[in-house]
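Structure first, then comments.
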Amino acid sequence: MISSSLTENSSMKTTQRALFASLLVLSLAASAASLLKTDTAKTSVSAVFKQMSVPVESRFKTFNIAIDYNPQAPGAASAKVEIDTASLDLGEAEMNKEVAKKEWFNSSQYPKATFVSSSIKPVSPGKLTVTGKLTIKGKTADVSFPLTVKTDAGKQVFEGMLPIKRLAFNIGEGEWKDTSMVADEVTIKFRVTAAP
């Protein structure tokens, strides 16, 4: 009788401990990262490059950005970005059509450029190093870049620049490989405003 009571007591305590441990794990997982909702009106993604040695900055009009971020646990953050390549606005309708063609983004076959983070590491307060895979026009490369983050009116503001070589992704084929016309160096510049 006493033995049975002790066994039940022990079993209850084990169950309670297991339940507490499960709740603790779930709580830590929830606090580790939080999916933020992007404020598209205050978010921009652009390509900065030189055309015949003249600096040009053109914005992508359509993109989807998913960021899991908790300022208390920045190392647990993750990010995924999808950009509609045909949405690059060069300021002229004809040029916008041209950049979507096969020689450039080949948007009919490769409609999206993507970035998926593999790690986000805090460097110092408000500064992170982001590493991941960038895919453009069917070609994937490992990239790493600095990112700043600050809180503004209760929202998280992320800013960064990612330099790439366009020819590494076959952006500009045939005669457009000529870097005296359009420079090989392109910087993807972004500012993302998001909140829980």
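I'd like the full set of residues that are more than 14 Å from residue 195 (Cα to Cα), outside any loop (DSSP other than H, G, I, E, B) and open to solvent by less than 60 Å² (accessible area, probe 1.4 Å), limited to region 50-75.
Matches in region 50-75: 56, 58, 60, 63, 74, 75.
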- Filter region 166-191 down to residues that are in contact with an Asp or Glu (Cβ under 7 Å, 6 or more places away or on another chain) and part of a helix (DSSP H, G or I) and give me whichever is farthest from residue 83 (Cα to Cα). 174
- Residues being of a type in the set (Asp, Glu) and open to solvent by 70 Å² or more (accessible area, probe 1.4 Å) - total across region 166-177: 1
- Query: How many residues are modelled with pLDDT of 95 or more, outside any strand (DSSP E or B) and among the hydroxyl-bearing types (Ser, Thr, Tyr) when one looks only at region 33-49?
  - Reply: 1
- Please find, among 157, 116, the residue that is outside any loop (DSSP other than H, G, I, E, B), open to solvent by less than 20 Å² (accessible area, probe 1.4 Å), at pLDDT 95 or above and within 19 Å of residue 45 (Cα to Cα). 157
- Every residue from region 76-93 that is of a type in the set (A, V, I, L, M) and part of a strand (DSSP E or B): 79, 81, 83, 88
- Query: In the set 146, 122, 163, which member is part of a strand (DSSP E or B), touching a helix residue (DSSP H, G or I) at 6+ places or on another chain (Cβ under 6 Å) and either open to solvent by 20 Å² or more (accessible area, probe 1.4 Å) or under 19 Å from residue 72 (Cβ atoms) (or both)?
  - Reply: 122
- How many of the residues making up region 125-143 are buried (at least 19 other Cβ atoms within 10 Å of the Cβ) and under 27 Å from residue 70 (Cβ atoms)? 4
- Query: Which condition does residue 96 not pass, out of (1) of a type outside the set (A, V, I, L, M, F, W, C); (2) open to solvent by 70 Å² or more (accessible area, probe 1.4 Å); (3) touching a Leu at 6+ places or on another chain (Cβ under 6 Å), if it passes all the others?
  - Reply: (2)
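Quick one: is residue 190 out of contact with any Ser or Thr (no Cβ under 7 Å at 6 or more places or on another chain), among the aromatic types (Phe, Trp, Tyr) and either at pLDDT 95 or above or open to solvent by 70 Å² or more (accessible area, probe 1.4 Å) (or both)?
No: the conditions fail for residue 190.
The values are calculated or read from the model by the stated rules, or taken from the named source; none is laboratory data. Note that the coordinates shown come from a computational prediction; the quantities given were computed from them, not determined experimentally. All Cβ positions, glycine included, derive from the backbone under ideal geometry; neighbour counts span all protein chains shown. To get the accessible areas, we keep the full protein, side chains included, count just its heavy atoms, and leave off ligands, DNA and RNA. Shrake-Rupley method; radii C 1.70, N 1.55, O 1.52, S 1.80 Å.
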